[in-house]
Each structure stands twice: as C-alpha cells, then as structure tokens.
Amino acid sequence: MTVNPLAPPWLVHPRDANELATSVWSRNVARTASGEIAVAGVTASALAAEFGTPLYVVDEADVRARALAARESFDSEFARVGSSAKVYYAGKAFLSTEVARWVTEAGLYIDVCSGGELAVALAAGVDPARLGFHGNNKSLAEIDRAVSTGVGVIVIDSVIEIDRVADAAARHHRQQPVRLRLNSGVHAHTHEYLATAREDQKFGITLGDAPAAVAAIRSHDSLDFLGLHSHIGSQIFESDGFVESAKRLLALQAELLVDGPIPELNLGGGFGIAYTSVDDAMPIEVVAARFADIVASECARLGIPVPIVAVEPGRAIVGPSTFSLYEVGTIKDVEVTLPSFPAPGSSFPEPVDGGEVATRKYVSIDGGMSDNVRPALYGADYSVRIANRNSDADPALVRIAGKHCESGDIVVHADYLPGDVTPGDLLAVPATGAYCWSLASNYNYLGRPAVVAVRDGHARVIVRGETEADLLSRDAGISTGSMNDRDAP
Ligand SMILES: *Cc1c(COP(=O)(O)O)cnc(C)c1O
C-alpha cells in the first residue's frame, strides 16, 4: 500500500476501495453479486440508463425510517420524563411534495421558511396546522398568507415582527400561535461550540430583550405565545452546545412563567450526519435521550414543569438517504511538487519546493458545484465509490471535479478509488440528500438533475430534471421576439 502524501491526515487508506461504509450509505444500498451498487434492488447502471446522469437517487424507505425513528425516539424519551415532543422536519434541507408526504406519514410536522416552501407543503396536502413558518425577514405577504392559511405556528424573529403577525392575525380573526426565536449566544461549529453573552448574527433576539418581547406578544389578543425557540447551528456532533442553550432558555423560561404559561420549548435542529467514514454521528435515539435528560434535570432544578419539546432536524432525516450518481468524463494525473519545510530555527521560515512529486488523479464528472455546492461553499468533505463495478486495482488518491468553469468546482476533495477508474464509469457520492438539491443552481446553464426515489425494486421520478427548454423558457429575449433577426429556434 502506498499512502499518497497529498491525502489529508484524516483520510484512511482503504484496504478495499469498493467497500461501502454503513455509516455513510443509506440502509438499502449494497453491492450486487456482480459488484454494482444497487439501492432497494435497482442497480446504478439501470438508474443511469433510465434517468441519465447526474441524478439524485433517494432511498425512500430510508427517509421514512429515519423520520419514524426521530418521532418515536423523541416521543418515548419525553414520555419517560412526563412530557411529550414534536418533531418538525426542516424542509429547507430538501422539500418536494413526495418528501413532505413521507415525513407527514411518519408523524412529523414540517418547518418552512418562505412562501415557496409553504406552497410546496400545501401542494402536498399537509395540514397547515402541522406547519411552522420561520425566517428573519418574512414579507408582509408571506405573513398574511401563513396566517390566513392557518399555519400552526409562526416563529417570530424580531421585535418588528410582533406587530406584523399580530395585525395579520387580527385581520383574519385568528389567534395565531407564535414562538420567539432567541439568539442564545450559543453557536455550534462542526466539532465545537461557542458560548458567549451575545452572538454576532442575524437570527433571533437576545436573551436580555426577550422579557419585553414576550410581554409584547402576550399583550396581543391575536397572538398565542407557545414558547421560546433556539437553533444553534448545523452538522453538530457534540451535545454540549444543545445542553448550554437548553440551560439558558430554561432559566429564562422560569422567569417568564411568573407572568403566564409557556407550554413548549423549541431547541431547533442541526444534528450531524456522517459524510465520510471518519465522521461519528450520534444516533437519533441518543440525541433524544440526552435532550430529555437535560431538559428534565434543568426543569427539576428550576422547579418548573417539563415543557413539550420541539426539535427541527433536516439533514438527519434526508441527508444519509441519497447518493448522487455521475458519469466519469475525463481523467488527469496532476503532478504536484510537495513543499519542503525548513528545519526548526532556520532563518527561512517559508516552505519551499522540496522537489518531491506526488500525483493527484483528477476525475471529472458530468455535474459539479451546480448540483452539490457544499464543498465549494463550506469546504465540506464527501466520499466516493465506483458504482457500476468492483475492482481489485490498487487504490489511488482521487479528487472528483465537476465540469464548471471554476477551479473550486470540486465535489470530493479527497478519497481513494480503485486506480483503474476510467471514463464511462459511474461514480456514486453518498449522503447528498440534504442541502444539495435545495442549493442547486443553473451555473453554466446546466439543468438541475432529476430526483429519483427507489423503493422495493421500483424507481420513479419525484422531481423532474431540467431540460434545455426549461432553461431557455425564462429568457425574455426569446419569448418577446427581440431576436427576430435570427431563425426561430
Ligand atoms: C436549518 C434549520 C434547521 C435544520 O438544520 P439541520 O442541520 O438540517 O438539522 C432547523 N431549524 C432552523 C431554524 C434552521 O434554520
């Protein structure tokens, strides 16, 4: 085995570069006897032949099972401490009418944060009473629509919004349930959290401003105060940040209970998932048990009743369920001269070319940052496997690059693939169910890929891919005939 010096320190050189780590792949993905990746019995090559590439492939039973496990874990853990729970699916991770129905059938509520997301949930037939509406800058039209359609709860994000929601509710003769989003000063990064008096960000209001804001909410007959809300970040692996924010919110809750009831507490989402085999995500059962333990013990310490606790996972429900399927186009071995680091105490502190050369294999695929912007946006890491076959070739360090006109257009910064990876191979990148389709763009006029759901040996399109005609359809220069000096298309 040869470890490539260009490999990041965390990347383990695999014994078998065909292996599918169970923490990263959805539950119904496996290799067939012939070595192909298949999901719920449908092979990668069959999917590529029927639907084309790039393609998002969702393991439907996996989404349903994760949604159910989330609801059942929070239900049973909060029943254990004498309360109950509500699990909202954060629709921004990936929302389509099918996904809205799957999570609703599993007993989840849904969070939306724009008129467009609300429209999708309503088009899916979701009971508006099971929707939460978020956002730091909801338009007046969005507030009006949310109130008039009977959205279950609106999360108020600023003092300005209190009157806006109250007025809309009065106009529609409703008493609108609301939560108040707090900036708790706790912010979780992927592997750490910060706890400050105040956090420098746009969401919510500070703990110090909360009593006056809650009093203002309570003063409106058209508002029904459900409780406090905080969301401390995303892709969180440790429970410390949640513990700290629960403590801060419950201390405030104890103060505010003097002037009226507060039935619920929303602790947000952000539960991490595994993107590569070195990520170690907490199972949802463990997250639910920790939340119940901390909320129950803090409430006991403060002498207040345990509220109904709401949580809002997005990534943890859909992220692991999906892989992106691509076809390899070109391959290049790029020779990189490694830096040589000066001896300690040297008068030349800058690294210089050491003369030693290593090779990075650039494997280019037919998609890229337009269907998965997370590596470019956040430096996110993913892993990759050849999907249409097994191979015994020695593993080679690869970088999976897209086809866009940006050198940062990378989908997988570093992984090992069998060294005989070749044009025409299919590649599968797992854990792309959250924040990939929903953040997709048309950069370079690539159509956004289709989303296909596979269940029990059957694959069907749940979101159609964009065609060139779709892309041209919004160009007013074509539809108004201003290009009439050219032949009709
Ligand atoms: C994004 C978001 C979530 C979901 O975050 P995940 O990391 O997908 O679990 C939940 N609540 C709020 C307010 C959010 O903005």
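The values are calculated or read from the model by the stated rules, or taken from the named source; none is laboratory data. Values in this document were obtained by computation on a predicted structure and should not be read as measured data. Using ideal geometry, Cβ is built from the backbone for each residue, glycine included, and neighbour counts are taken over all protein chains shown.
If you go through the stretch 227-241 and keep only what is more than 12 Å from the ligand (Cβ to nearest atom) and either touching a Leu at 6+ places or on another chain (Cβ under 9 Å) or in a loop (DSSP other than H, G, I, E, B) (or both), you end up with GLY227, LEU228, GLU238, SER239, GLY241. Taking the stated definitions as given, is PRO128 at pLDDT 95 or above and in contact with a strand residue (DSSP E or B) (Cβ under 7 Å, 6 or more places away or on another chain)? Judged against the criteria, PRO128 is not a match.
Residue-by-condition table, conditions (1) more than 27 Å from ALA121 (Cα to Cα); (2) modelled with pLDDT of 95 or more; (3) of a type in the set (Phe, Trp, Tyr); (4) assigned by TED's automatic domain parsing to the domain that holds LEU439:
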{"position": "PRO14", "(1), (2), (3), (4)": "yes, no, no, no"}
{"position": "ALA33", "(1), (2), (3), (4)": "yes, yes, no, yes"}
{"position": "ALA46", "(1), (2), (3), (4)": "yes, yes, no, yes"}
{"position": "ALA49", "(1), (2), (3), (4)": "yes, yes, no, yes"}
{"position": "PRO54", "(1), (2), (3), (4)": "no, yes, no, yes"}
{"position": "ALA90", "(1), (2), (3), (4)": "no, yes, no, no"}
{"position": "GLU98", "(1), (2), (3), (4)": "no, yes, no, no"}
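A quick yes/no check of all residues on (1) under 16 Å from ARG181 (Cβ atoms); (2) among the small types (Gly, Ala, Ser):
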residue	(1), (2)
CYS113	yes, no
LEU118	no, no
ARG130	no, no
ALA146	yes, yes
ILE154	yes, no
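Answer yes or no: is there a residue in the stretch 286-305 that is under 30 Å from VAL429 (Cβ atoms), of a type outside the set (A, V, I, L, M, F, W, C) and within 16 Å of the ligand (Cβ to nearest atom). The answer is no, given that none of the residues of the stretch 286-305 is under 30 Å from VAL429 (Cβ atoms), of a type outside the set (A, V, I, L, M, F, W, C) and within 16 Å of the ligand (Cβ to nearest atom). Among the residues of the stretch 208-223, none qualifies, meaning not one is in contact with a His (Cβ under 7 Å, 6 or more places away or on another chain), assigned to a loop (DSSP other than H, G, I, E, B), assigned by TED's automatic domain parsing to the domain that holds ILE308 and in contact (Cβ under 8 Å) with a residue 40 or more places away in the chain.
When the stretch 1-42 is filtered for residues that are of a type in the set (Lys, Arg) and either touching a Phe, Trp or Tyr at 6+ places or on another chain (Cβ under 6 Å) or in contact (Cβ under 8 Å) with a residue 60 or more places away in the chain (or both), only ARG31 remains.
Of all residues in the stretch 394-402, at least one satisfies being modelled with pLDDT of 95 or more, part of a loop (DSSP other than H, G, I, E, B) and surrounded by 15 or more Cβ atoms within 10 Å (Cβ to Cβ).
Scanning the stretch 185-217 for residues that are exposed (fewer than 15 other Cβ atoms within 10 Å of the Cβ) and more than 14 Å from the ligand (Cβ to nearest atom) yields a count of 12. Here's a check for you: in the stretch 313-335, which residue that is assigned to a strand (DSSP E or B) and over 22 Å from VAL452 (Cβ atoms) is farthest from the ligand (Cβ to nearest atom)? Of everything passing the filter in the stretch 313-335, GLU335 is farthest from the ligand (Cβ to nearest atom).
With respect to the conditions (1) within 33 Å of the chain's Cα centre (by Cα); (2) more than 16 Å from the ligand (Cβ to nearest atom); (3) part of a strand (DSSP E or B), LEU338 lacks only one, and its number is (1). Among the residues of the stretch 255-280, those identified as within 16 Å of the ligand (Cβ to nearest atom) and either closer than 19 Å to THR322 by Cα or touching a residue at least 60 places away in the same chain (Cβ under 8 Å) (or both) are GLU264, ASN266, GLY269, GLY270, PHE271, GLY272, ILE273, ALA274, TYR275, ASP279.
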